[in-house]
Amino acid sequence: MVKNTAPAEVITDGLNGLVRSDNTERHCEVMELYLFEMSEDERTAIRKQAKKRVPLPWETVMKAVEERYKALIAKGKRKGETK
């Protein structure tokens, strides 16, 4: 998860997810950590904690995100029409 973003607000680094700054090198580091350095038990523990903290299915989250973006686009179009 990217640090200082809305999704990261519910993530505690190392407990229910992994949070890093927004650059390619950091993304690679967190993927390497998760895939190659953490044990299966550690990965399982993070996934279980994530499900407790964020119980919504991903499809539900993405539908809400899509609706929000559509509303913002529509608002921007309406604002542009009044100029």
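The values are calculated or read from the model by the stated rules, or taken from the named source; none is laboratory data. Here the structure is a predicted model, which is why all the values come from computation and not from measurement. Quick reminder, even Gly has a Cβ in these numbers, built from the backbone with ideal geometry, and neighbours come from all protein chains shown.
Taking the stretch 1-36, which residues are touching a strand residue (DSSP E or B) at 6+ places or on another chain (Cβ under 6 Å), assigned to a loop (DSSP other than H, G, I, E, B) and surrounded by 13 or more Cβ atoms within 10 Å (Cβ to Cβ)?
Matches in the stretch 1-36: MET1, ILE11, VAL19.
For the stretch 53-63: of the residues being surrounded by 10 or more Cβ atoms within 10 Å (Cβ to Cβ) and part of a helix (DSSP H, G or I), which is modelled with the highest pLDDT?
Ranking the candidates gives LYS63 first.
Within the stretch 37-48, is even one residue farther than 21 Å from VAL65 by Cα, outside any helix (DSSP H, G or I), acidic (Asp, Glu) and free of Cβ contacts under 8 Å to residues at least 60 places away in the same chain?
no
Looking at (1) at pLDDT 85 or above; (2) out of contact with any Phe, Trp or Tyr (no Cβ under 9 Å at 6 or more places or on another chain), which one does LEU18 not meet, given that it meets all the others?
(2)
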